[in-house]
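Engineer: A single structure is presented below for examination.
The values are calculated or read from the model by the stated rules, or taken from the named source; none is laboratory data. None of the values given here were measured: they were computed from a predicted structure. Quick reminder, even Gly has a Cβ in these numbers, built from the backbone with ideal geometry, and neighbours come from all protein chains shown. Note: areas computed on protein heavy atoms with side chains; ligands, DNA, RNA excluded. Shrake-Rupley method; radii C 1.70, N 1.55, O 1.52, S 1.80 Å.
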Amino acid sequence: GYAAEMDNPLMAHLIPSELQNKKDILFGNMEEIYHFHNRIFLRELENYVEYPELVGRCFLDQMEDFQIYEKYCQNKPRSESLWRQFSDSVFFQECQRKLDHKLSLDSYLLKPVQRITKYQLLLKEMLKYSKNCEGAEDLQEALTSILGILKAVNDSMHQIAITGYDGNLNELGKLLMQGSFSVWTDHKKGHSKVKDLARFKPMQRHLFLHEKAVLFCKKREENGEGYEKAPSYSYKHSLNMAAVGITENVKGDAKKFEIWYNAREEVYIIQAPTPEVKATWVNEIRKVLT
């Protein structure tokens, strides 16, 4: 109703020039998602109509394909910003009128984002009624995998908001964790004055743990609507995981751990928001180091 009309020569005169050739930005890989559901996933699901408790298997077999949603979500901020610029153009109004839609295009562009978050709710519900029956383990595994994909989507939405990193983030390996922390530094080099100051006042830092490096960024809240309001992260520095060590417990605080660098030449005391968050990070860092 909209995408096809962007290629319709009879509608070309209604499309603002800055919007021409921007179809891929506006719709992302919506078509890829549609074909996956239409040709593959729906047909698979239909095989389980009589055996709904076995539907977990269907998710597990297709789990890799669900990663197309990550691509869609990563493009969403660009799509939204384009939509905001041209939402009141005659072209969109005309398409909406022809389709007789009550809602405008942006409501439909949000559907894939809503859909990927809905699957985990459906799987949770199914699990509730599938205790001890055949297929319960697959349902549980499918739920865990979908939650993993949601985490990856969420993490990547933060990662694309990093500014000022000189280099290619993809070269740092997979993004494993991201989150906000209070950080104190204690460096051997430098003046004792700096050291004394550093003891008291923590910096607020957003950490991104990759397989090959951990990045320290400063979070900047943006003003605006929707994705524009999403924070951006200005890159401060990074530590190569090959030279990192970790102290899991810091005296007197269950939420603190230490990351140190180059045989304790630089020490970062990191305070997580909760002991649980700390435990998850410590485990993840330990996995990378071993």
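Engineer: Among Q159, N47, I146, whose Cα projects farthest towards the positive end of the dipole of the range 2-160, with charges put on the beta-carbon of Lys, Arg (+1) and Asp, Glu (-1)?
Structural biologist: Farthest along the dipole direction, towards plus: Q159.
Engineer: Another question, if that's okay. Given the protein chains as shown and a 1.4 Å probe, how many square angstrom of S107 are accessible, to the nearest 10?
Structural biologist: That residue has around 40 Å² of solvent-accessible surface.
Engineer: Calculated FRET efficiency, Q85 and S234, Cβ-Cβ r, R0 35 Å, to nearest 0.05? Display every interim value, and only then the final one.
Structural biologist: Working: r = 25 Å, r/R0 = 0.72.
Once rounded, the FRET efficiency stands at 0.85.
Engineer: Here's another thing I want to ask about it. Past the 26 Å Cα-Cα mark, which pairs from K111/K236; K23/K71; K201/K251?
Structural biologist: Details: K111/K236 36 Å; K23/K71 15 Å; K201/K251 18 Å.
In this structure, K111/K236 lie more than 26 Å apart at Cα.
Engineer: For K128, tell me the accessible area in Å² from a 1.4 Å probe, rounded to the nearest 10.
Structural biologist: My reading of the accessible area for K128 is about 110 Å².
Engineer: By per-residue mean of other Cβ atoms within 10 Å, what is the highest-first order of 200-206, 268-274?
Structural biologist: On the way: 200-206: 14.0, 268-274: 18.0.
In decreasing order of mean packing, 200-206, 268-274 become 268-274, 200-206.
Engineer: At 1.4 Å probe size, with the rest of the protein present, what percent of the exposed accessible area of the chain is carbon and sulfur atoms?
Structural biologist: C and S atoms contribute 51 percent here.
Engineer: If a/c stays under 1.5 just call it rounded; otherwise compare a/b with b/c (prolate if a/b is bigger, oblate if not). Do that for the range 2-160, with a ≥ b ≥ c from the square roots of the Cα gyration tensor eigenvalues. Walk me through the numbers on the way to the answer.
Structural biologist: Numbers: a/c = 2.87, a/b = 2.12, b/c = 1.35.
Prolate, since a/c reaches 1.5 and a/b exceeds b/c.
Engineer: How would E258, E125 rank on accessible area, largest to smallest, probe 1.4 Å? Numbers along the way, then the final one.
Structural biologist: Working: E258 25, E125 85 Å².
Of E258, E125, the descending order of accessible area is E125, E258.
Engineer: Assigning unit charges at the beta carbon (Lys, Arg +1; Asp, Glu -1) and nothing else, what dipole magnitude in debye, to the nearest 20, does the chain show about its Cα centre? Kindly include the intermediate steps, with their values, before the conclusion.
Structural biologist: Numbers: 40 positive and 41 negative charges, 320 e Å.
The dipole of the chain has a size of about 1540 debye.
Engineer: Could you give the length gained on full extension between K23 and D166, defined as 0.36 nm per residue of separation minus the Cα-Cα distance, in nm?
Structural biologist: Working: separation 143, 0.36 × 143 = 51.48 nm, distance 2.98 nm.
Length gained, K23 through D166: 48.5 nm.
Engineer: With a Förster radius of 25 Å, plug the Cβ-Cβ distance of Q140 and I40 into 1/(1 + (r/R0)^6) and report the FRET value to the nearest 0.05.
Structural biologist: On the way: r = 23 Å, r/R0 = 0.91.
Once rounded, the FRET efficiency stands at 0.65.
Engineer: For the chain, what are the DSSP H helices with axial Cα length of 20 Å or more and mean Kyte-Doolittle hydropathy of at least -1.0? Write out the running numbers ahead of the final one.
Structural biologist: Numbers: long enough: 68-86 (26 Å, -1.44); 111-128 (26 Å, -0.47); 136-159 (34 Å, 0.06); 275-289 (21 Å, -0.22).
Both cut-offs are met by 111-128, 136-159, 275-289.
Engineer: I would also like to ask the following. Quickly estimate the mean residue ellipticity at 222 nm for the chain, helices only: each DSSP H run with n ≥ 4 gives -39500 (n - 2.57), and the total goes over all residues, rounded to 500. Mind dumping the intermediate values first?
Structural biologist: Working: 12 runs with 128 residues, N = 290.
For the chain, the value works out to -13000 deg cm²/dmol.
Engineer: When the Cα atoms of the chain are enclosed in a convex hull and the volume is divided per residue, what value in Å³ results? Working shown, then result.
Structural biologist: Working: hull volume 53.9 nm³, N = 290.
Output value, Cα hull per residue: 186 Å³.
Engineer: Measuring with a 1.4 Å probe in the full set of protein chains, what accessible area per residue, in whole Å², belongs to the chain? Numbers along the way, then the final one.
Structural biologist: On the way: 17050 Å² over 290 residues.
With all protein chains present, the chain gives 59 Å² per residue.
Engineer: Would you rank K212, K124 by solvent-accessible area, highest first, keeping every protein chain in place and using a 1.4 Å probe?
Structural biologist: Numbers: K212 120, K124 95 Å².
Most to least solvent-accessible, the answer reads K212, K124.
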